[in-house]
Amino acid sequence: ELAYDQNDISFNFSVIHFTRSQRNKLAYKLEGYSKRWIESNRNYAAFTNLDPGKYTFKVKGANGDGVWNESGRSIDIVIHPPWWRTTLAYIAYGVLFLLFVLSVDRIQRRRLLAKSKEKMKIQEAEYRAEAAELQARAMQAESERKSKELEEARELQLSMLPKDLPSIPNLDIA
């Protein structure tokens, strides 16, 4: 088991068959990385920049007569992902994204509610102004009506008075 930053690995191996050792052959593969066997005369295999995951390194050898040892040898390798690429991290990312969306929604709702309240205040002020204007018109109409009635009463009183002042001796009438 290796950490995510230990993703460059190499293997040294050998075929233990000493008769005609120059004709010995090797084949290896890293399951999870490649599917085919790589035949080589070198006793070395290197893999660099492996992604996190599970791998199995397999190696087999052939003697000088070309007879392969099909069972070979293998080693299992696990390269762990970095903490920010783990399942728990992805769950945390999802929760954070969901919280972000919910907070944006909440902020948007508050903004719309404030805008609606402001609009209601403006409408209420307009209704109050309109009501005050209607009340002022009604008061002006009432004042005009009273003035008209007073004028009519004055004219009625004046119509009942004689046109000419009587002239009575020893009496001053004005």
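If the viscosity is 1.002 mPa s and the temperature 20 °C, what Stokes-Einstein diffusion coefficient in µm²/s follows for the range 1-56 when Rh is the Kirkwood radius over Cα pairs?
Numbers: Rh = 12.9 Å.
Approximately 166 µm²/s, per Stokes-Einstein.
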Output for the range 29-83: GluC sites (Glu not before Pro) sitting in coil per DSSP, at most 14 other Cβ within 10 Å, listed by number, reads Glu70
Expressed in Å to one decimal, the Kirkwood Rh of the chain from all distinct alpha-carbon pairs is 27.1 Å
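Size of the dipole of the chain about the Cα centre, Lys and Arg at +1 and Asp and Glu at -1 on the beta carbon, nothing else charged, in debye to 20? Don't jump to the answer; show the numbers that get you there.
Details: 27 positive and 23 negative charges, 391 e Å.
About 1880 debye.
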Under a Gaussian network model of the chain whose springs join Cα atoms within less than 10 Å, the largest fluctuation of Pro52, Pro81, Pro162 belongs to Pro162
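So what is the accessible area of the chain per residue, in Å², with the probe set to 1.4 Å? Don't skip to the answer; put the middle values down first.
Values: 14820 Å² over 174 residues.
The answer is 85 Å² per residue.
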Share of accessible surface on carbon and sulfur in the chain, whole %, 1.4 Å probe and ligands ignored, is 56 percent
With DSSP loop assignment and no more than 12 other C-beta atoms within 10 Å, the trypsin sites (Lys or Arg not before Pro) in the range 1-76 are Arg20, Lys35, Arg36, Arg42
The range 58-168: relative contact order from alpha carbon pairs under 8 Å, six or more residues apart, as a whole percent, is 10 percent
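The values are calculated or read from the model by the stated rules, or taken from the named source; none is laboratory data. Values in this document were obtained by computation on a predicted structure and should not be read as measured data. Please note: Cβ atoms are built from the backbone with ideal geometry, for glycine as well, and neighbour counts cover all protein chains shown. To get the accessible areas, we keep the full protein, side chains included, count just its heavy atoms, and leave off ligands, DNA and RNA. Shrake-Rupley method; radii C 1.70, N 1.55, O 1.52, S 1.80 Å.
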